[in-house]
Structure formats: structure tokens, C-alpha cells
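The values are calculated or read from the model by the stated rules, or taken from the named source; none is laboratory data. None of the values given here were measured: they were computed from a predicted structure. Cβ placement follows ideal geometry from the backbone for every residue including glycine, while neighbour counts extend to all protein chains displayed. For the accessible areas, the whole protein counts, side chains as well, though only heavy atoms, and no ligand, DNA or RNA atoms are used. Shrake-Rupley method; radii C 1.70, N 1.55, O 1.52, S 1.80 Å.
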Amino acid sequence: GPEEKVMTRYLPSLASVFLISLILNGVWEHAHAFLYTQYRGAPIAEAILLHATFVDACLISLFALPFLAFPALRTRRWLFVLLMLAVAAILERWALATGRWTYTAQMPIVPLLGIGISPFVQLAITGSIAMWIAMRAKTQ
């Protein structure tokens, strides 16, 4: 049916976004791990970084799908950036409020939002790069 056509048409691009996001967020998570003191009361460990990387790639892929599938959204990638900033801000505020993780003193804080700059921009930057690469690969 029509659902199958949509999936087979956009699955390669979505898979590319996921894999590229996985790599980029793996690097990002390891690079900014020193800015966190704990995750759920335990020290930041490799398993936690891998889990965060997987969740990041899943979130980016989920929100990238409409931008891959609908031509009207493809030209409005700024909307994807805003969406990813909003998702990151909500996730980060929730995690801090519930004590899921905490920052070290080195984490630069976004004024008014009260969240770290690194996690705030992470999904927008890594997701945009992943979508850009996936869309370029599709057009070549």
C-alpha cells in the first residue's frame, strides 16, 4: 500500500540519518562527558554514553522523518533546528529537575533556560549535519 511506498522511499535516507547521528553523537557524548557529574546517581560510564548516543540518534531520526518525506519541509531545515533545540531544552530541563543527571561547574549554562549549552545545541547540530549528508548522498 501507500505506507510501504513511503517507507521504502525514505528508509535509505532515514537509515543514513540514524547511522550518521549515531557516529556524531557518539563523538559528542564522549567529548562533553566531563561536563557531567553523574547519571542516576552513578558515575558517567561507557554504557551510559552509549545509551545516550543511541537515544540521541533515535530522537534525531524520529524528528528528521517528516523533513525527509515532505518536500515543503525539506527547504525549511531551520524548522528542524528549532524543533531539535526545543526537544533538547525540554529533555534537559526534565532531566535536571528530576535529578537524572547533574553538571560540573565547567558546564556553560544558557541564560534564562538554566541548561547546559552543550546538550542544548547537540541535537540541532548533529541532526542538521546528519540530514545534510543524507540528503546530499540521496541527490548524487
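Descriptive notes on the structure:
- Within the stretch 30-54, residues that are in a loop (DSSP other than H, G, I, E, B) sit with their Cβ atoms under 9 Å from residues that are small (Gly, Ala, Ser) and open to solvent by less than 70 Å² (accessible area, probe 1.4 Å), at 6+ positions apart or across chains, in these pairs: 40/99; 41/99; 44/33.
- Residue list for the stretch 55-97, restricted to those being in contact with a Ser or Thr (Cβ under 7 Å, 6 or more places away or on another chain), under 19 Å from residue 19 (Cβ atoms) and β-branched (Val, Ile, Thr): 60
- Taken together, 134, 64, 86, 72 contain a single residue that is aliphatic (A, V, I, L, M) and more than 22 Å from residue 24 (Cα to Cα), which is 72.
- First in the stretch 13-25 and part of a helix (DSSP H, G or I), second anywhere and charged (D, E, K, R) and open to solvent by 30 Å² or more (accessible area, probe 1.4 Å), Cβ under 6 Å, 6 or more apart: 13/138
- Looking only at the stretch 73-82, residues that are open to solvent by less than 60 Å² (accessible area, probe 1.4 Å) and either at pLDDT below 95 or not aromatic (Phe, Trp, Tyr) (or both) come to 2 in all.
- The residue list 67, 18 contains one member that is over 28 Å from residue 114 (Cβ atoms), touching a Cys at 6+ places or on another chain (Cβ under 8 Å) and buried (at least 17 other Cβ atoms within 10 Å of the Cβ), which is 18.
- Output for the stretch 126-140, where each listed residue is crowded, with 16+ Cβ neighbours inside 10 Å and either closer than 17 Å to residue 107 by Cβ or small (Gly, Ala, Ser) (or both): 127, 128, 130, 134
- The stretch 95-116, residues that are in a helix (DSSP H, G or I) and open to solvent by less than 70 Å² (accessible area, probe 1.4 Å): 95, 96
- Scanning the stretch 21-64 for residues that are open to solvent by 30 Å² or more (accessible area, probe 1.4 Å) and charged (D, E, K, R) yields 40, 46.
- All positions within the stretch 1-52 that are in contact with a strand residue (DSSP E or B) (Cβ under 7 Å, 6 or more places away or on another chain), of a type in the set (Ser, Thr, Tyr) and at pLDDT 95 or above: 36, 37
- Single residue of the stretch 120-140 satisfying the filter (small (Gly, Ala, Ser) and at pLDDT 95 or above) that is farthest from residue 94 (Cα to Cα): 130
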